[in-house]
Amino acid sequence: MNDARLLVRLLGVSMRSQLQYRASMVMQSVGHLLVTGIEFLGVWALFARFGQLDGWTLAEVAVFYGVVNVSFALADAGGRGFDQVAARIKQGDFDRLLLRPRSTALQVAGLELTLKRIGRLSQGLAGLIWGLSALGVGWGPGRVALLAWIVVGATSMFYGLMVVQATIAFWTTESLELMNVLTYGGVETAQYPMSVYRRWFRRVFTYVVPLACVCYLPVLALIERPDPLGAPLWAQRVAPAAGLVFLAGALALWRGGVRRYTSTGS
Amino acid sequence: MRGYVAIAQARARVLLQYRAAAVAGFGTQAFWGMIRIMIFEAFYRSAMADGAPMRFEEVVSYVWLGQATLMTLPWNLDREMADEVRTGKVVYGLLRPVDLYGQWFARAFALRSAPMVIRALPMFAFAMVLLPLVGLEAWALEAPTLEGLAMWLVALGVAILLSSALTTLWSVALMWTVSGDGVTHLAPALVTLMSGMVIPLPLLPDGVRAVVVWLPFAGLVDLPVRLFSGHLTAAEAAPMLAAQLVWWVLLVALGRALLGRGVRRLVVQGG
Amino acid sequence: MAQIEVEQLVKTYAVSERRPGLWGAVQGLVRRRQRRVKALDGVSFEIGRGELVAYIGPNGAGKSTTVKVLSGILVPDGGRCVVEGRVPWEERIAHVAQIGVVFGQRTQLWWDLPVVDSFELLRDIYRVEPPRWRRNLDELVALLDLEPLLDVPVRQLSLGQRMRCDLAAALLHGPSLLFLDEPTIGLDAVSKLAVRAFIQRLNRERQVTVILTTHDMDDIEALCDRVMVIARGQILCDGSLEALRTRFGHQRRLTLELADPHAPLVPEPGTALLGREGARVSLAFDPAEVTAAELIGRLGARYAVRDLWVEELPIEEVVARLYDEEAAA
């Protein structure tokens, strides 16, 4: 069985296991929906109080919010396996993956597909659809394709972050929570247009983690708004590729981590 | 009373051992706080900010104090307690010569106070000392007046009491659900919004705010923070604090009643 | 050429030490004090196809390090290791497709799924041709009596049932080499016997080479013609069970049942005290130095003996004495 089919098969197995605990899954999904819903309620309340955010409207922010939450939900749902790596290393269960004749990244990716992220996903979709409709930008095939391209780029980037976080576990399994700064912090950051942040902060989320490239710039092209920071339109359209590059880099790092693991044996 | 203190102390000592988690947690929260502040900063650049019911400086202290005392929020359960409820081991608590609700409350109290102390101090140092040093005075936490500090401490005490009562209530609720997922996933959503963690309660639409400040969640974050920053005077806060204490009494009574019924059920069924 | 050739393997671990206190925890984030531990210190051996070898030693002696190197998931610092003509860690994927590994302490099956689903997943992961997989599965199901277990979720299996399924899981792809890490740990007597019988048949009938690490000496006595003992990273002894026994000159164990459980013991020349539990005292002695009759006579004169019996020194005692000797060296 080739790698892609095996991945689908493994993820299918993970879903089947979760369906055995249906009640718990429904609860968690609803909880997730409420948590993200409440976050958006907060955004709405601030707009009700202040009218606008640095020249951006609620509908525009809703699109940013939607794109980042849809992408993060997809990456988070599919990349949960990488979340298990630190625990597996600590318990010695990672060895089992090395004992099977397949790439470790593939096997880890196949460990888990979390269904409960559907809460965040639907929340994001709702924000996205409402935002785009409120802005009245229309739903031509070009726009749908651009939207899909943005989601691919942003999902790859968030997936890459999870791979990086898991890779660090080959060096240390302590203080991994610090990486949440980049994952959950990145989600929080990208829910608002980048131009509202200070310059040093924008740089971190452009060059260290290409969040601006996968969420901010292409969304501008999507809602047809010129960049207050001056990025040209073609750059806005190409930018999601940075997410794929980031993921490729993360996987290269992962291979280095596995090599280190097999040579230190810790 | 001595028994409860001993139970709380024993649990606190264990909780204080998770230092690496505390270091990582501090870094995450400091970063988080900065993101929040930048977003508020952008909102305050709008024309309508002049009429806002809070100064930007007060919002900044809201963010930092919220982060510093994050661990007092009742948004999770003591994992050890949760396991004991699930496995039915709670019944052993009945063997000790102290009141069962008191034991649970004492452990919740430890959970809500000890981890907060090791997180709050670095957060104060970061927000009051480090930020001005690196040129971010606008984001720094302003030092409180003496009255503000005193009132904050009082309100923080009330917040921990409230939070412990709510935490205990979540634990008791576990006796009725199979996995407890309901509580552990729905409680945080409720608590974050109603306490002011998502956005400061005064910035909510006026109609909503008028209700929310009288609910038992305002005492967790909103009241202490606004006393610290001087947004509320002691005189203004007194009736609100009193209301929170009334809530506390009600929550304890409710928790006690439910626990009593839960235990009877367990004993009858032979858990 | 032997199936496994190992020559002068060396592996050193860096173990980081935590400093006490809060400041130590903070320092630990930046720099750690490290201590070097030699897990393998020049290990050499050869194993031929179809052998059934016990690999034993005290905890931390280097057993699992050796197994990790042989299975390709750990790179040694020095030395040579060739398995089936391959250097395991250089061609991990090709190598692990040819071996099977069973850890007695943990299962490789999917916890929430019926057993047969795990077997199907392993077929896809190992890329086993379906007809070949079917054949192997049928054979293993018959040998291990798995038929009633196939549709049961793994989490509902007993330990012994799970171990039988894990054995099958490790063999579905038809490996020529099988590593068993404490396969009988925690099993009841019946399950132990079933597992042992299966391993023996597998080895005899399919010529699968088996390397068994265990603390259970009954496993070894029942199964293995060859025993390798490792301690502190070095092979202490490699040969048949018989050879291991002769190392201690065919010692015997004399067990006495004293009338007075509190009787003070006097050291007896030519014997070593193995242990005492109340009235029951066991001694090791070498019949070449002192005959049984003489010893019994002397002891009978000194103590009120209610009962006594002489037997061959059990393998546990042999190994324990070997470890002791090594620790004292």
Buried solvent-accessible surface, both chains (B, A), 1.4 Å probe, Å² to nearest 100: 3500 Å²
Farthest toward positive dipole pole in the protein assembly as shown [+1 Lys/Arg, -1 Asp/Glu at C-beta], among B:Met54, C:Leu177, C:Val195: B:Met54
Residues of segment A:216-236 with amide N under 14 Å of a point placed 7 Å along Cα→Cβ from A:Thr57: A:223-226
For segment A:194-204, Karplus couplings with θ = phi - 60° (6.51, -1.76, 1.60), whole Hz, Gly/Pro x: 4, 5, 7, 8, 6, 5, 4, 6, 4, 4, 4
FRET efficiency, 1/(1 + (r/R0)^6) with R0 60 Å, evaluated for B:Leu266 and C:Ala328 via beta carbons: 0.60
Residues of segment C:120-151 buried by at least 30 Å² on assembly (accessible area, 1.4 Å probe, chain alone as reference): C:Leu121, C:Asp124, C:Ile125, C:Tyr126, C:Arg127
Positive dipole terminus of the protein assembly as shown, leading residue within C:Ala301, C:Leu244, B:Leu146 (C-beta point charges): B:Leu146
Calculated FRET efficiency for the pair B:Trp176/B:Ala253, C-beta based, R₀ 22 Å, to 0.05: 0.75
Fluctuation leader among A:Leu121, A:Leu222, A:Leu161 - chain A, Gaussian network, Cα springs under 10 angstrom: A:Leu222
In segment A:70-151, chymotrypsin sites (Phe, Trp or Tyr not before Pro) in a DSSP loop with at most 12 other beta-carbon atoms within 10 Å: A:Trp139
Contact order normalised by residue count of segment A:3-264, Cα under 8 Å, 6+ apart, percent: 25 percent
In Å², nearest 10: area of C:Ile73 left accessible to a 1.4 Å probe: 10 Å²
Range in chain B, longest, excluding exposed chymotrypsin sites (Phe, Trp or Tyr not before Pro) [loop by DSSP; at most 15 other beta-carbon atoms within 10 Å]: B:19-175
At least 27 Å along the helix axis (C-alpha) and Kyte average at least -1.0, DSSP helices within chain A: A:22-50, A:58-78, A:141-168, A:241-264
Selected from C:Ile47, C:Ile315, C:Ile296 as most flexible by GNM, with chain C as the system and alpha-carbon contacts under 10 Å: C:Ile296
Within the protein assembly as shown: Cβ-based charge dipole about Cα centre, in debye rounded to nearest 20 (Lys, Arg +1; Asp, Glu -1): 1460 debye
Whether chain C is rounded, prolate or oblate, judged on the alpha carbon gyration tensor where a/c under 1.5 counts as rounded: prolate
Whole-number percent relative contact order across chain B, with pairs defined as alpha carbons under 8 Å at least 6 apart: 26 percent
Within chain A: Cβ-based charge dipole about Cα centre, in debye rounded to nearest 20 (Lys, Arg +1; Asp, Glu -1): 600 debye
Accessible carbon and sulfur surface of segment B:2-269 relative to its total accessible area, %, 1.4 Å: 68 percent
Overall form of segment A:3-264 per C-alpha gyration tensor (a/c, 1.5; a/b vs b/c): prolate
Pairwise burial A:C, computed as accessible area of each alone minus the pair, summed, 1.4 Å, Å²: 2900 Å²
Accessible heavy-atom area order of A:Met157, A:Met25, highest first, probe of 1.4 Å: A:Met25, A:Met157
Segment A:66-99-segment C:122-175 distance, computed between alpha-carbon centres (Å): 27 Å
Rounded to 10°, Cα long-axis angle of helix C:292-302 versus longest principal axis of chain C: 60 degrees
Whole-number accessible area per residue in Å² for chain B, which is evaluated in the context of all protein chains at 1.4 Å: 43 Å²
Computed FRET value (nearest 0.05) for B:Asp206 with C:Asp151, which takes r as the C-beta separation and R₀ as 56 Å: 0.35
Alpha-carbon centroid distance for the pair segment B:125-147 / segment B:90-114, whole angstrom: 38 Å
Segment C:226-329: relative contact order as a whole-number percent, Cα under 8 Å and 6+ apart: 30 percent
C-alpha center-to-center spacing [segment A:193-266, segment C:94-119] in angstrom: 39 Å
Full-stretch length increase - C:Glu242, C:Arg201 - with 0.36 nm per residue and alpha-carbon distance subtracted: 12.5 nm
Virtual paramagnetic centre 7 Å along Cα→Cβ of C:Val310, amide N under 12 Å, in segment C:243-276: C:251-255
Simple label model, 7 Å out from Cα along Cβ direction - C:Asp41 to A:Arg143, nm: 7.4 nm
Candidates B:Ala238, B:Ala218, B:Ala24: whichever shows maximal mean-square fluctuation once chain B is modelled as a Gaussian network with Cα springs under 10 Å: B:Ala24
Rounded if a/c under 1.5, otherwise prolate or oblate - chain B, Cα gyration tensor axes: prolate
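The values are calculated or read from the model by the stated rules, or taken from the named source; none is laboratory data. The structure presented is a predicted model; accordingly, all values stated were derived computationally and were not measured. Every residue, glycine as well, gets a Cβ built from its backbone with ideal geometry; the counts of neighbours run over all protein chains shown. Note: areas computed on protein heavy atoms with side chains; ligands, DNA, RNA excluded. Shrake-Rupley method; radii C 1.70, N 1.55, O 1.52, S 1.80 Å.
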